[in-house]
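The structure appears right after this line, and notes come after that.
The values are calculated or read from the model by the stated rules, or taken from the named source; none is laboratory data. Remember, it's a predicted structure, so these values are computed and weren't measured experimentally. Here the Cβ positions follow ideal geometry from the backbone for every residue, glycine too, while neighbour counts run over all protein chains shown. When the accessible area is computed, the model is the full protein with side chains, heavy atoms only, and any ligands, DNA or RNA have been set aside. Shrake-Rupley method; radii C 1.70, N 1.55, O 1.52, S 1.80 Å.
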Amino acid sequence: MAADRRIEEITRRIVERSKPTREPYLDRVRRAASKGVHRSVLSCGNLAHGFAVCSPAEKDALSGDTIPNLGIITSYNDMLSAHQPFETYPAMIRQAAREAGGVAQVAGGVPAMCDGVTQGQPGMELSLFSRDVIAMAAGIGLSHNMFDAAVYLGVCDKIVPGLVIAALTFGHLPTIFIPAGPMTTGLPNDEKTRVRQLYAEGKVGRAELLEAESKSYHGPGTCTFYGTANSNQMLMEIMGLHTPGASFINPNTPLRDALTKEAAKRALAITAHGNEFTPVGEMIDERSFVNGVVGLHATGGSTNHTLHLVAMARAAGIQLTWQDISDLSDVVPLLARVYPNGLADVNHFHASGGMGFLIKQLLKAGYVHDDVRTVWGQGLQAYAIDPKLGDDGTVVRDPAPEESGNPKVLAKVEEPFQPTGGLKMLTGNLGRAVIKISAVKPERHEIVAPAVVFHDQEELQAAFKAGKLDRDFVAIVRFQGPKSNGMPELHRLTTPLGVLQDRGHKVALVTDGRMSGASGKIPAAIHLTPEAVDGGPIAKIKDGDMIRLDATSGTLEVMVDATEFAQRTAVMPDLSGNEYGMGRELFAPLRRVAGPADQGASVLY
């Protein structure tokens, strides 16, 4: 089915806006592809270093450019549960490459930090910038120019966006992303949240909290809530960078291993050595990004992708804006209820029909472009499938089911959970922000209440514990933007604000910082730009100013006389406490040059 007229109009708008940057990008990609891999023209010393540990047969083949060489960019570490399974992937990929008549080498490793470990800690101030560091680290690995294609091993929050930026920077190379899958279901996410709130109220102790957290996060694989990590996996599949059905298969299972081997062989099949040459910079286009945004809305995905998708698109010369994302939200219905937008986890989502059912529904209604290129070939229809393990140990793909396995988790397009998507842009006299409304009850979509101003999340936590916030208010948490302190996630605020909301108070959050992809039920205007350190209006707000946050009309404003507000002086607190410790001093140059949130908060563009 052809794409919906409204989807087509937004896509054409992006194409026209992007021409001044997209066309030069494609020219660079095509010139790089025409030059090919330069192993045969490397000096003997260069080449000897490059294949020193290969077998004699592989050395002979690589020296003459007669077989394809697959570069592996890995984000393995065994502290991060989602990435621990990657420990065994290089050996598996090398074996698959040999079976396909190629060679595979680990081109490089990239850092992978866990936002769950650093949440509310100083290390969280490195998190967002780690995305661009990852892109640069992957670029170093691929700069050896030994590779005909690349596979990227990544799952979590900043890792996948950073790897996508790197892949599109090396857009002349065919690329496949290989996931590790979610951990099996543990303690239900809503029960974990209940214990967190009891702990915040002093009703249970640390031992009970740690027990609940450990039962929730209990083994290898991605956390099972639908935050940024699992939104990443959805994006990679609906944008055609995964093989069909790869996203949500649990680690250390025969099907997971079969998908990994298949991806390695497919990456070699789409090099210039074969008949399906698919440079990722040409494969991924404006339609691919629109499909990604549609998937984000249809599933109630992470707010972090209002930053990451913009930055990823810019790496391909594509100018995606918050307005595009918001306009698509007005068109696309919400089809999934996965925590924090519901009680299910991603394993329940997959069991209900998963990505195959979702894509089938979106294609049926014309909400996504079918006429895209993917790593599997032409057309998104190939992703409307249900992956299974065949008798011979290879992947078998059946058509996606016609009916949802659980309509409370995954809905048909004719019966959506809500008629619009999960993310909206807010504008007004405070600037531009985004809000995730898919998990916010409709009666809380508009909040009008007095401001209570904080300069960090610890101040709000202290005020909550002191009993000073038992009332209606809008929390203004400022100086949390990219230039202030690296734009950390403020997910720890979800618990005290949730407690106050459950007591019947009207509460909301306005911040130039971020919230976790797992945040949900609190109305939160986040990523506010201009940020406070740049003299944004948020720096002029005083305690008691009336704030209106209206997600229905898309407005965010301070209800103060315009002349009086303009005459106020923007405050500037001492931010030196954010400059040192846990590596923050190393990131000072990045804070100085970071772009605004609505341009991806990047240090690269």
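Summary of the geometry: the range 488-544 and the range 547-574, compared by the centres of their Cα atoms, lie 14 Å apart.
Our helix-only sum for the chain, with -39,500 (n - 2.57) per DSSP H run of n ≥ 4 divided by its residues, gives a mean residue ellipticity at 222 nm of -11500 deg cm²/dmol. Which of the GluC sites (Glu not before Pro) found in the range 368-443 are in a DSSP loop and have at most 15 neighbouring Cβ atoms, other than their own, within 10 Å? Sites meeting the loop and neighbour criteria: Glu402, Glu403, Glu414. Among the listed pairs Lys35/Lys265; Lys364/Lys412; Lys192/Lys521; Lys360/Lys388, those with a Cα-Cα distance over 19 Å are Lys35/Lys265. What fraction of the Cα pairs in the range 91-187, stated in percent, has a spacing above 18 angstrom? So the pairs more than 18 Å apart make up 52 percent of the total in the range 91-187. Between Val106 and Glu459, the contour length at 0.36 nm per residue exceeds the Cα-Cα span by 122.6 nm.
The alpha carbon centroids of the range 104-166 and the range 332-352 are separated by 27 Å. Put the Cα centre of the range 411-455 next to the Cα centre of the range 1-28 and the gap is 27 Å. Note on Lys408 and Lys19: the extension gain reaches 135.8 nm, defined as 0.36 nm multiplied by sequence separation minus the Cα-Cα distance. Taking amide H as placed 1.01 Å from N in the peptide plane, Gln480 has its amide H under 5 Å from the amide H of Asp512, Gly513, Ala532, each at least 5 places away in sequence or on another chain. Each peptide among 128-141, 264-277 gets the average number of other Cβ atoms lying within 10 Å of its residues, and from highest to lowest they stand as 128-141, 264-277. Take the Cα of Val117, step 7 Å toward its Cβ, do the same at Glu208, and the gap between the two points is 2.9 nm.
Averaged over its residues, the chain has an accessible area of 36 Å² per residue, based on protein heavy atoms and a 1.4 Å probe.
Peptides 188-199, 158-169 ranked from most to least packed by the mean count of surrounding Cβ atoms within 10 Å: 158-169, 188-199. When all alpha carbon pairs of the range 412-535 are counted in 10 Å bins from zero, the resulting P(r) reads 13, 46, 32, 8, 2 %. Here is the P(r) of the range 448-605: all C-alpha pair distances, binned every 5 Å from 0, give 2, 9, 18, 22, 21, 15, 9, 4, 1 in whole percents. Here the chain is described by how far its Cα atoms reach on the three principal axes: 74, 53, 50 Å, from widest to narrowest. Along its three principal directions, the equivalent ellipsoid of the range 170-214 from the Cα gyration tensor extends over semi-axes of 39, 12, 8 Å, largest first.
Using r as the Cβ-Cβ distance of Glu276 and Leu586, and R0 as 41 Å, what FRET efficiency do you calculate, to the nearest 0.05?
0.45
The alpha carbon radius of gyration of the range 403-446, expressed as a multiple of 2.2 N^0.38 Å, is 1.52. Over the chain, what is the mean sequence separation of C-alpha contacts under 8 Å (at least six apart), divided by residue count, expressed as relative contact order in percent? Relative contact order, the chain: 15 percent. The DSSP beta bridges internal to the range 408-551 are antiparallel in roughly 50% of cases. Cα-based values for the range 299-457, radius of gyration first and Dmax second, are 18.4, 65 Å. When both bridge partners sit in the chain, DSSP labels roughly 45% of those beta bridges antiparallel.
Placing dummy labels 7 Å off each Cα toward the beta-carbon, the span from Gln323 to Ala566 is 2.3 nm.
Among 351-357, 387-393, how do they line up from the highest to the lowest mean number of other beta-carbon atoms within 10 Å?
With the highest mean Cβ count within 10 Å placed first, the list reads 351-357, 387-393.
Per atom type, the range 467-605 shows carbon and sulfur on 52% of its accessible surface, probed at 1.4 Å. Measuring nothing but how far apart in sequence close Cα pairs (under 8 Å, 6+ apart) lie, relative to its length, the range 530-604 scores a relative contact order of 22 percent.
If you bin all the Cα-Cα distances of the range 534-605 at 10 Å, starting from zero, the percentages per bin are 15, 31, 32, 20, 1.
Of the solvent-accessible surface of the range 228-302, computed with a 1.4 Å probe over protein heavy atoms with every protein chain present, carbon and sulfur atoms account for 44 percent. Separation of the alpha carbons by more than 25 angstrom is noted, of Lys158/Lys408; Lys158/Lys483; Lys158/Lys424; Lys483/Lys540, for Lys158/Lys408. Solvent-accessible surface of protein heavy atoms, probed at 1.4 angstrom with all chains present, puts Arg22, Arg471, Arg206 in the order Arg206, Arg471, Arg22, largest first.
For the range 147-162, putting each phi into the Karplus relation 6.51 cos²θ - 1.76 cosθ + 1.60 with θ = phi - 60° gives couplings of 10, 8, 7, 9, 10, 10, 9, x, 9, 7, 3, 8, 5, 4, x, x Hz, in residue order, rounded to whole numbers and with x for Gly and Pro.
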